[in-house]
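**Student:** The following block contains the structure, expressed as structure tokens.
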Amino acid sequence: VSNSILEGHAGKGQPTYFSDFNWDEYLEENGVLAVPHHAFKHVDRSLQTGLAPGMMLEVCVRSEPDQPYWVATIITACGQLLLLRYEGYHDDRRADFWSDIMTSDLHPLGWGRQQGRPMRPPDGVREKHGDWEALLEEALAQGGSAPAHLLQGAQTGGGPADLFPMGWCVELQDSVDPGVAWGAQVEDNIGGRLCLRYAGTEGLTQSLARRWVFYLDPLLHPPGWAEENSCSLTPPAVLRGLRSEAEWEEVRKTIRKPKEEAFNRDFFKDRPVLSPHCFSEGMKLEAVNPAAPFNISPATVTKVLSEQYFLVQMDSLQGDSEGAGPGSSFLCHHGSTDIFPVQWSLKNGVPLSPPPGYQGQDFDWAYYLKQCGAEGAPESCFPVEQSDHDFVEFMRLEAVNPISPKYIHMATVTRVRGQHIWLGLEGLKQTLPDVITHVDSLDIFPVSWCESHGYPLQHPSKATGQSCLVVVQPEKQISRLCLSAAQGNGKYSCPKIFFNHLCFSGPYLNKGRIAELPQSIGPGNCVLVLKEVLTLLISSAYKPSRVLRELQQDPELRGHGQGETLKAKYKGKSYRATVGISRTADQVAEFCRKTCVRLECCPNLITPHMVREHCSENCSLFTKTKYTHYYGKKKTKRIGRPPGGHTNLDISTKEGSRRKKRKPLSVCKTRLFTSVDSTPACSPLGSGEEEEDLDEDYSLSEEDSGPEQQGDSEVLERKSQPASPRPTPTEPRPREGPRRQCRKKKQLTSYSDDENQPPSPTSGRVEVQEKLHLDSSPLGWSITDVTHFIRTTDCSPLARIFRDQEIDGQALLLLSLPTVQECMGLKLGPAIKLCHLIERVKLAFYQHFAG
């Protein structure tokens, strides 16, 4: 089944696949560690924006009426936040400002003139420089612009890997002859891992027509590269017999005239330049055959192609050198990781495989060189080998199958020698020897990489229990493919979970969408089944982001087990949150019940048993508003909103349609951090359409949706209840509709966790805080110094977060309200109090240490 699923995987817009394999559970049960994520440099690079301090760009000056553009320099880059300084302020940092890449109008140097936009500095620069036009010309001539492709990738919410969408054309340099290249088209992009189809192979099913490469592969080039570098356009040797020369010539014409598309060539400009090599023809060395990287064998430099490239062929003593078979020759350069000096295997205690046809039991390099009349390549020809990396024996990771590159397998580090590791692949149909690869290989990935990109991971099947693969088709039709082994119910085996769509669906879930769901999910692994159940519930909501927020905030759900990342999409925005999911079978029933209570629906909507005709809760007898009184979370009264019996939906909908809608304060669209839900505070009491009309014009900071997350931020919030600007009524007027009540709530927002009690009347007193005195400059504070300082302040409950996030003095001074809320996961109350403390630190720093 897994193989057939892999064949069908074609990328975005195609079916999504769920496996019963869970890395966290596997690592815990087997007592093993995963290779740290930062050890995979190419993966880290694919997630970074690439924008660095010192780069210059053009930014919109929004303070001016006509909103001109002016040059600014990046001072600090912190994720999607950039600290910028306008050109003309030089070393004066008083006017530095933060800019969000996702929402700001940023462009490379020269963009304004190309688009005919006005170029003018803000008032502060014009006061300092009367000849600001000359200043602009100097800045534009200086260069150092932020590359356009980095700005484009960052502004679309992705990294550089997302610059290769499906259908785009590229050119691939030949792996044997560097003077030859051929065109290809991107068929799929999995986190920067590209599936390319060679030009002219459309309609052919041969596996040789496709090639998998990572987007950082040095043999990948933009269209037109071959012609610009005097390389011939020739199809790979394995494809030439598929068409006549006349047919290939027609294909060649289409490659030379690619489609009109905005392929950004700047991406390819920053590639490292290859150093000249000092190899000569006939030199002997040890090498790993890239076509079958399972052993190290003798090899020969057969041809020097240029100062940068030379050709290496695996040795064979079986008659003609071509007898070694196809794939025995490969392209190398000075920094190639597949070649070693002679005796490298002996020095590192690794067996060396003699060449085919070698006579004798033990291979001896001295005898072999004398027999061949050759000399070994001196060690000075090879780069100095470093051993500084994080790969340790028995660690786990994910790796590409070198024989079938479309498959990615669970892998174990079985041996480490210098910069090279031996990997044992698991989940294979037929056993393969350990794969030899370099720690910087583009074909190895951290654990859960496949899961995070929706790509199937090959892993060993379990000996007992029942593994269930749930296939979600694009049309939302669900089918289940079960792989049955022994019929046993283990500790982690979840029974069937039924969607009883006749039960009351509550105010959040669309009853019609619930009816379209499958009758049941499972059986299978608890985490897998329950995660799929929650995903389907989220997709069946009027507002998926709101349901995701409800599930995330429930401390009872978080207490049930490990956190799993769930996603939701609403009105073109993506949201992500961590939700606790039960891991063991004995917790499943209670988990389902509490999930239903949280969503204010019938406790039997999702259960391990089927409700056939009549629900035991008699949920059909209740209306939406009355039902929440018995089963929902609205047992207590909220401030600023009427009881359900007095709700007037007609009035609220009518008034809501006349009110100008206000955009949310901030929506985080990033892979690395949890998105903040933009769903408003007022809970829906009617249909889904009324829900959208009622709630659409409130901002994120006014979210008031029940119990918040417990923890350090809760302790801090209880210490910091800001004063209310006016007396808060304890009882809303019965005749006022929800529209008026929600307006009152906006004016009287409290940051207390207890949403059902008004702020204390004594909170109106404002305490004047004394100046902050620092014994040393915060720029020199270590992580321990920062943690100790936080513990001496009113924000002491957050000290642990500062320690875990490894925030030192310099990072402390860069923190702002959006960064604190997003990266530290704080609610608005604690975030404001912390930022107030940080501003006091900054003021003390500027007064005593800045000079």
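The values are calculated or read from the model by the stated rules, or taken from the named source; none is laboratory data. The model shown is predicted, which means the values in this text are computed figures rather than measured ones. Counting neighbours? That spans all protein chains shown, and the Cβs are built from the backbone with ideal geometry, glycine included. Calculation scope for accessible area: heavy atoms of the full protein, side chains included, ligands and nucleic acids excluded. Shrake-Rupley method; radii C 1.70, N 1.55, O 1.52, S 1.80 Å.
**Student:** List pairs: first in region 273-285 and within 13 Å of C381 (Cα to Cα), second of a type in the set (V, I, T) and in a loop (DSSP other than H, G, I, E, B), Cβ under 8 Å, 6+ apart or cross-chain?
**Tutor:** Short answer, once both residue conditions are applied: K284/V342; L285/V342.
**Student:** Quick one: how many residues across region 353-391 are in a loop (DSSP other than H, G, I, E, B), within 22 Å of V439 (Cα to Cα) and open to solvent by 100 Å² or more (accessible area, probe 1.4 Å)?
**Tutor:** Total meeting the criteria: 3.
**Student:** Exactly one condition in (1) small (G, A, S); (2) part of a helix (DSSP H, G or I); (3) within 36 Å of the chain's Cα centre (by Cα) is false for S99; which is it?
**Tutor:** (2)
Residues are listed down the side, and each one gets a yes or a no for (1) open to solvent by 30 Å² or more (accessible area, probe 1.4 Å); (2) touching a strand residue (DSSP E or B) at 6+ places or on another chain (Cβ under 9 Å); (3) modelled with pLDDT of 85 or more:
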| site | (1), (2), (3) |
| --- | --- |
| G183 | no, yes, yes |
| W212 | yes, yes, yes |
| R256 | yes, yes, no |
| E261 | yes, yes, no |
| D266 | yes, no, no |
| F279 | no, yes, yes |
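**Student:** Continuing with this model, one more query. Counting just the residues of region 27-52 that are open to solvent by 40 Å² or more (accessible area, probe 1.4 Å) and without any contact (Cβ under 8 Å) to a residue 60 or more places away in the chain, which one comes out nearest to C78 (Cα to Cα)?
**Tutor:** So, considering only residues that are open to solvent by 40 Å² or more (accessible area, probe 1.4 Å) and without any contact (Cβ under 8 Å) to a residue 60 or more places away in the chain, the one nearest to C78 (Cα to Cα) is D44.
**Student:** Of all residues in region 753-781 being open to solvent by 50 Å² or more (accessible area, probe 1.4 Å) and modelled with pLDDT of 50 or more, which is nearest to L815 (Cα to Cα)?
**Tutor:** The residue in question is L779.
**Student:** Within the bounds of region 215-223, is there any residue that is part of a strand (DSSP E or B), hydrophobic (A, V, I, L, M, F, W, C) and either buried (at least 18 other Cβ atoms within 10 Å of the Cβ) or at pLDDT below 90 (or both)?
**Tutor:** Yes.
**Student:** Give the residue that is surrounded by the most Cβ atoms within 10 Å (Cβ to Cβ), with candidates limited to residues of region 62-87 that are at negative phi and outside any strand (DSSP E or B).
**Tutor:** Among those residues, the one meeting the criterion is Q80.
**Student:** Sticking with this one: Listed residues D44, D105, D100, D92; which is modelled with pLDDT under 85, among the charged types (D, E, K, R) and touching a Cys at 6+ places or on another chain (Cβ under 6 Å)?
**Tutor:** After applying the criteria, what remains is D105.
**Student:** For A577, work out the one condition from (1) within 30 Å of E822 (Cα to Cα); (2) free of Cβ contacts under 8 Å to residues at least 12 places away in the same chain it doesn't fulfil.
**Tutor:** Result: A577 passes all but (2).
**Student:** A further question on this structure: Hey, among the residues in region 198-210 that are at pLDDT 85 or above and under 28 Å from G335 (Cα atoms), which one's least open to solvent (accessible area, probe 1.4 Å)?
**Tutor:** Restricting to residues being at pLDDT 85 or above and under 28 Å from G335 (Cα atoms), the top hit is Y198.
**Student:** If we scan region 435-457, do we find a residue that is surrounded by fewer than 16 Cβ atoms within 10 Å (Cβ to Cβ), touching a residue at least 12 places away in the same chain (Cβ under 8 Å), of a type in the set (A, V, I, L, M, F, W, C) and in a loop (DSSP other than H, G, I, E, B)?
**Tutor:** No; the residues of region 435-457 include none that is surrounded by fewer than 16 Cβ atoms within 10 Å (Cβ to Cβ), touching a residue at least 12 places away in the same chain (Cβ under 8 Å), of a type in the set (A, V, I, L, M, F, W, C) and in a loop (DSSP other than H, G, I, E, B).
**Student:** Looking at region 194-212 only, could you name the residues that are closer than 22 Å to D44 by Cβ and free of Cβ contacts under 8 Å to residues at least 60 places away in the same chain?
**Tutor:** Within region 194-212, just L194 meets the criteria.
**Student:** Okay, next question. Go through region 578-621 and report how many residues are open to solvent by 50 Å² or more (accessible area, probe 1.4 Å) and closer than 17 Å to L551 by Cα.
**Tutor:** Final tally of qualifying residues: 5.
**Student:** Next up: May I ask you to list the residues in region 392-410 that are under 24 Å from G31 (Cβ atoms) and open to solvent by 10 Å² or more (accessible area, probe 1.4 Å)?
**Tutor:** The answer is V392, E393, F394, M395, R396.
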